[in-house]
Amino acid sequence: MGASAAKQQEKAASYAVETSKQPPKSNGSVFDMTAFSSTAKLAEGDPEKPGLPAYDPFQERDVSHPNSDVGALAHLLKSSLGSGILAMPLAFRNAGLAFGMVATLVVGYICTYSVHMLVNCSQVLSQRVRQPSLTFAGTAGRAFETGPPALRRYSRAAHNAVDVLLLATYYSMVCVYIVFIATSLRQVLVFYFPEDANFDVRLYIVATAPLLLPLCMIRQLKFLAPFSAVANLLICVSFAITLYYIFTDLPPLSSRDSFSSIGQLPLFFSTVIFAVEGIGVVLPVENSMRNPTHFLGCPGVLNIAMGIVIGLYAVIGFFGYLKYGDETEGSITLNLPSAEPLAQAVKVLIAVATIFSYGLQFYVPTEIVMRRMKPRLPHAWANPAEFGYRFLTVMLTVAVAAAVPDLGPIITLVGAVFASTLGLLCPAVIDSATFWETARWWRHARNAFVCVFSLFALVTGVYASLLDIIDTY
């Protein structure tokens, strides 16, 4: 009892020091990110339980293998830096140089701000309900449960809806990853061995299974960090080679359109939003950090990661379209000279980076299923059941990819729906529900704007995807 009392006194003293700190001043902007200081928010105490001492969820977390700031940064970069960036020059072709640059920065900012809203709500709700950490679905459920009375009956539905959206998004995404890996490797091997390697792409898809299974058996996010770091390195090398070709003999700016046409803009927004979004990985990364207070704020892990991502997207898109103009392909790698070994190396590097990324994308939906499955299993069966589920899920995604190797257009439709819903609509609704009682009018107005923008992204994404499906099938 004496040790316990001493521990409580120590925590009380630390909370007193924390609450004595003044939160950073806001500049008054509706989109002011300094309002998302973790320390400031967690120092507010527990207004709904005034009889209880302040609760710091960060102090209560028990993470067996915590992630460092560098590991968290690697995961965030990998979750947003994928094959989608290779389509950015095509997005700029559908927008024009000037409009594409401005719109990419604006869309990137809105997506980043939506992630800030989600993480901030998760931290505030963790304190409010006195729970160490919350998942994306848990944040949605708790926001409705403690929010406006009219929404409280829908808390379980909100929780389940987010889980379903995450499952559909990430399992669809890993199917696309498999098709991309197999297609890229087949192109290279057929180029060098036209007779010996000219097999159906389905055989290459099946051959990816032994490469993916070991990665998908890793259950701790910390141990996936080295693979994310290597994948980021390979992608950076690929980008460097691609930029070498792009910056060789660049035409003048006047040779390209500054703005394309209204009819092409849906294709642009669909590509950018789907490519930038990686919101499903954000809370697992934040929840597993050794120092979660470093996640938000300025500069913060999130701001650094998203600044790098948006900057790379803008550079690749702008100069890729400037270089190739109307001949820009769906992936910028297709514009590289196929007869040169350096250009072929890009395809190999991107394929290997995608293999290393598969484990991270696979982690999110698997954790959702395991969180629901394990409490229903005997303790002795928990680990065998998890490994069995991981094995069967990998084989199922490989089977789906092999059965429909032209899965891309259909999955793009699924991604367009879910990226705008998960990345924009859900955080805005969660934020309004979380701060319903205390928010000023401009907060709800801001969230309403994000909701309208997400619906616009949804409609344009579906439109662009349907055009792609019609063209393919």
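The values are calculated or read from the model by the stated rules, or taken from the named source; none is laboratory data. These numbers were taken from a predicted model, which means no experiment stands behind them. A quick note on method: Cβ atoms are made from the backbone with ideal geometry, for glycine too, and the neighbour counts reach across all protein chains shown.
Conditions tested, residue by residue: (1) at pLDDT 85 or above; (2) on the phi > 0 side of the Ramachandran plot; (3) surrounded by fewer than 19 Cβ atoms within 10 Å (Cβ to Cβ).
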{"position": "427", "(1), (2), (3)": "yes, no, no"}
{"position": "430", "(1), (2), (3)": "yes, no, no"}
{"position": "433", "(1), (2), (3)": "yes, no, no"}
{"position": "440", "(1), (2), (3)": "yes, no, yes"}
{"position": "444", "(1), (2), (3)": "yes, no, yes"}
{"position": "455", "(1), (2), (3)": "yes, no, yes"}
{"position": "461", "(1), (2), (3)": "no, no, no"}
{"position": "467", "(1), (2), (3)": "no, no, yes"}
{"position": "471", "(1), (2), (3)": "no, no, yes"}
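For residue 350, are the conditions met, namely being of a type outside the set (Gly, Ala, Ser), surrounded by 21 or more Cβ atoms within 10 Å (Cβ to Cβ) and either more than 19 Å from residue 272 (Cα to Cα) or at pLDDT 85 or above (or both)? Judged against the criteria, residue 350 is a match. Filtering the range 256-265 down to residues that are part of a helix (DSSP H, G or I) and either at pLDDT below 80 or of a type in the set (Phe, Trp, Tyr) (or both), which residue is farthest from the chain's Cα centre (by Cα)? It comes out as 263. Applying a threshold of 8 Å to beta carbon distances and a minimum spacing of six or more residues, or different chains, the list of pairs starting in the range 221-232 at a residue that is under 19 Å from residue 366 (Cβ atoms) and buried (at least 19 other Cβ atoms within 10 Å of the Cβ) and ending at one that is aromatic (Phe, Trp, Tyr) and at pLDDT 80 or above reads 221/363; 224/363; 227/356; 228/356; 231/356. Per the conditions (1) touching a residue at least 12 places away in the same chain (Cβ under 8 Å); (2) surrounded by 15 or more Cβ atoms within 10 Å (Cβ to Cβ); (3) under 25 Å from the mean Cα position of the chain (by Cα), the sole criterion not satisfied by residue 245 is (3). When every residue of the range 149-166 is checked against the conditions, none turns out to be among the hydroxyl-bearing types (Ser, Thr, Tyr), closer than 30 Å to residue 286 by Cα and modelled with pLDDT under 85. Based on what the data block shows, is residue 232 under 25 Å from residue 454 (Cα atoms) and in a helix (DSSP H, G or I)? In short, no. Contact map, the range 189-216: first residue charged (D, E, K, R), second residue part of a helix (DSSP H, G or I) and surrounded by 15 or more Cβ atoms within 10 Å (Cβ to Cβ), Cβ cut-off under 8 Å, separation 6 or more or different chains; pairs are 202/402.
Comparison of 243, 215, 250, 211 shows that the only residue that is in contact with a Phe, Trp or Tyr (Cβ under 9 Å, 6 or more places away or on another chain) and in a loop (DSSP other than H, G, I, E, B) is 250. Over 21 Å from residue 85 (Cβ atoms), within 20 Å of the chain's Cα centre (by Cα) and aliphatic (A, V, I, L, M) - does that describe any residue in the range 383-397? No - not one qualifying residue is present in the range 383-397. Based on this model, can you work out whether residue 393 counts as surrounded by fewer than 22 Cβ atoms within 10 Å (Cβ to Cβ), among the hydroxyl-bearing types (Ser, Thr, Tyr), under 24 Å from residue 288 (Cβ atoms) and in contact (Cβ under 8 Å) with a residue 12 or more places away in the chain? So residue 393 passes the test. Across the range 355-390, the qualifying residues are those that are loosely packed, with under 14 Cβ neighbours inside 10 Å and modelled with pLDDT of 90 or more, and the one among them that is nearest to residue 74 (Cα to Cα) is 387. Within the range 88-104, the set of residues being farther than 14 Å from residue 246 by Cβ, in contact (Cβ under 8 Å) with a residue 40 or more places away in the chain and within 22 Å of the chain's Cα centre (by Cα) comprises 91, 100, 101, 103, 104. Residue selection: residue 249 fails the criterion of being touching a Leu at 6+ places or on another chain (Cβ under 9 Å), modelled with pLDDT of 85 or more and acidic (Asp, Glu). The selection criterion, being assigned to a helix (DSSP H, G or I), surrounded by 14 or more Cβ atoms within 10 Å (Cβ to Cβ) and free of Cβ contacts under 8 Å to residues at least 40 places away in the same chain, does not hold for residue 401. Checked against the criterion of being under 30 Å from residue 435 (Cβ atoms) and out of contact with any Cys (no Cβ under 8 Å at 6 or more places or on another chain), the range 170-187 has at least one qualifying residue.
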